[in-house]
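A.B. asks: For reference, the structure I am asking about is given below.
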Amino acid sequence: MKPLILVFTGIILMLEPLYAQHEPSLFFREDWKEIPAEFPVTQEHVANENLILKTYGPGGDSLKKSHHDHIPNDPYYLWSGNANGPWAIAFEHRSGPVDLSGNAKVKWQSRQSGFHRLHLIVKLPDGTWLISDQSDGHASQWREHEFVIQDIRWRKLNIEAVHEGGWVEDPDLSRVVEIGCTDLRGGNSSPSSARLDWIEVYGKPVN
């Protein structure tokens, strides 16, 4: 039995570096500019010069880039408390699409109040929008959340009205052109709103 154990151990040691090679690198991070709070949020508030900000839905033009100087360690963040209807935001990278297949993931820091739950959204090359079944809900303090892309089930997203549709099985995520989020709702000030501090996307650039 001892030789068999040695052979099995050898296989594990060979597979570990191979797995590590397929870990995606950081494709982009957005952490809003540290400039005074302003309504509504615009491209001027985007810190990453390689990203184009897109806003969608009835409430897309009523989002705020928020910050409170009197609150210690308060971040500069997107806030939906004034949104007068469902909204969505997304980022397009100036270099082109990203491959979110394999071990791709998305992380962000956020804080929701009330029944708001922040979902991941993506746009495919043919114009189809998808929304994740997974979401990030209520929290009393800022917290990080990670989406492992291969663990997500997707529904279609009507980007004009910002509401979900039917299930989409095994979508091709090898050329995602926009990535963002929505909570599918309007806001009602601080007790009922969503907040996004920063977002990171891990995937493979597509030339």
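A.B. asks: Across the range 36-93, what is the total count of residues that are open to solvent by less than 40 Å² (accessible area, probe 1.4 Å) and in a strand (DSSP E or B)?
C.D. replies: Looking only at that region, the number is 12.
A.B. asks: Let me ask another. Among all residue pairs at least 6 apart or on different chains, which show Cβ distances below 9 Å where the first residue, located in the range 45-59, is under 15 Å from SER80 (Cα atoms) and among the polar types (S, T, N, Q) and the second is outside any loop (DSSP other than H, G, I, E, B) and open to solvent by 50 Å² or more (accessible area, probe 1.4 Å)?
C.D. replies: Taking only residues 6 or more apart or on different chains, the pairs are THR55/ASP61.
A.B. asks: Does any residue of the range 166-177 turn out to be of a type in the set (Val, Ile, Thr), part of a strand (DSSP E or B) and touching a Phe, Trp or Tyr at 6+ places or on another chain (Cβ under 7 Å)?
C.D. replies: Looking for residues that are of a type in the set (Val, Ile, Thr), part of a strand (DSSP E or B) and touching a Phe, Trp or Tyr at 6+ places or on another chain (Cβ under 7 Å), one finds at least one in the range 166-177, hence yes.
A.B. asks: If you take the residues of the range 141-154 that are part of a loop (DSSP other than H, G, I, E, B) and under 21 Å from GLN112 (Cα atoms), which of them is nearest to the chain's Cα centre (by Cα)? Write out each step before concluding.
C.D. replies: To start, the set of residues in the range 141-154 that are part of a loop (DSSP other than H, G, I, E, B) comprises 141-142, 152-153.
Narrowing the set further to residues that are under 21 Å from GLN112 (Cα atoms) leaves 141-142, 152.
Values: GLN141: 19, TRP142: 16, ILE152: 13 Å.
The qualifying residue nearest to the chain's Cα centre (by Cα) is ILE152.
A.B. asks: Can I ask one more? Name the single residue that is nearest to the chain's Cα centre (by Cα) among those in the range 155-207 being of a type in the set (Ser, Thr, Tyr) and open to solvent by 30 Å² or more (accessible area, probe 1.4 Å). Walk me through how you get there before you give the answer.
C.D. replies: First, pick out the residues of the range 155-207 that are of a type in the set (Ser, Thr, Tyr): 174, 182, 189-190, 192-193, 202.
Checking which are open to solvent by 30 Å² or more (accessible area, probe 1.4 Å) leaves us with 174, 189-190, 202.
On the way: SER174: 16, SER189: 22, SER190: 21, TYR202: 10 Å.
Within the range 155-207, the match that is nearest to the chain's Cα centre (by Cα) is TYR202.
A.B. asks: Would you tally the residues in the range 96-110 being open to solvent by 10 Å² or more (accessible area, probe 1.4 Å) and either at pLDDT 95 or above or at negative phi (or both)?
C.D. replies: First pass over the range 96-110, keeping only residues open to solvent by 10 Å² or more (accessible area, probe 1.4 Å): 96-97, 99, 101-103, 105, 107, 109.
Restricting the remaining residues to those that are either at pLDDT 95 or above or at negative phi (or both) gives 96-97, 99, 101, 103, 105, 107, 109.
Total satisfying the criteria: 8.
A.B. asks: Could you check ILE131 against (1) in a strand (DSSP E or B); (2) surrounded by fewer than 22 Cβ atoms within 10 Å (Cβ to Cβ) and say which number it fails?
C.D. replies: The failed condition is (2).
A.B. asks: Answer with yes or no whether ASP136 is of a type outside the set (Gly, Ala, Ser) and exposed (fewer than 13 other Cβ atoms within 10 Å of the Cβ). Step through it out loud before you land on a result.
C.D. replies: Details: of a type outside the set (Gly, Ala, Ser): yes; exposed (fewer than 13 other Cβ atoms within 10 Å of the Cβ): no.
No: the conditions fail for ASP136.
A.B. asks: Somewhere in the range 102-111, is a residue charged (D, E, K, R) and farther than 22 Å from SER135 by Cα? Spell out the reasoning first.
C.D. replies: Let us first name the residues in the range 102-111 that are charged (D, E, K, R), namely 105, 107, 111.
With farther than 22 Å from SER135 by Cα added as a condition, the list becomes none.
So far as the range 102-111 goes, no, none of its residues is charged (D, E, K, R) and farther than 22 Å from SER135 by Cα.
A.B. asks: Also: Hey, can you tell me all the residues within the range 178-207 that are under 21 Å from PRO58 (Cβ atoms), in a strand (DSSP E or B) and among the hydrophobic types (A, V, I, L, M, F, W, C)?
C.D. replies: Step one: filter the range 178-207 for residues under 21 Å from PRO58 (Cβ atoms), giving 178, 180-196.
Checking which are in a strand (DSSP E or B) leaves us with 178, 180-182, 195-196.
Once the filter is applied, which keeps residues that are under 21 Å from PRO58 (Cβ atoms), in a strand (DSSP E or B) and among the hydrophobic types (A, V, I, L, M, F, W, C), the range 178-207 yields CYS181, LEU196.
A.B. asks: Can you name every residue in the range 20-35 that is out of contact with any Phe, Trp or Tyr (no Cβ under 9 Å at 6 or more places or on another chain) and touching a residue at least 12 places away in the same chain (Cβ under 8 Å)? Step through it out loud before you land on a result.
C.D. replies: Of the range 20-35, the ones out of contact with any Phe, Trp or Tyr (no Cβ under 9 Å at 6 or more places or on another chain) are 20-22.
Listed by number, the list holds a single entry, HIS22.
The values are calculated or read from the model by the stated rules, or taken from the named source; none is laboratory data. Every value quoted in this text rests on a predicted model; they were computed, and no experiment measured them. A quick note on method: Cβ atoms are made from the backbone with ideal geometry, for glycine too, and the neighbour counts reach across all protein chains shown. Surface accessibility is based on the protein's heavy atoms, side chains included, excluding ligands, DNA and RNA. Shrake-Rupley method; radii C 1.70, N 1.55, O 1.52, S 1.80 Å.
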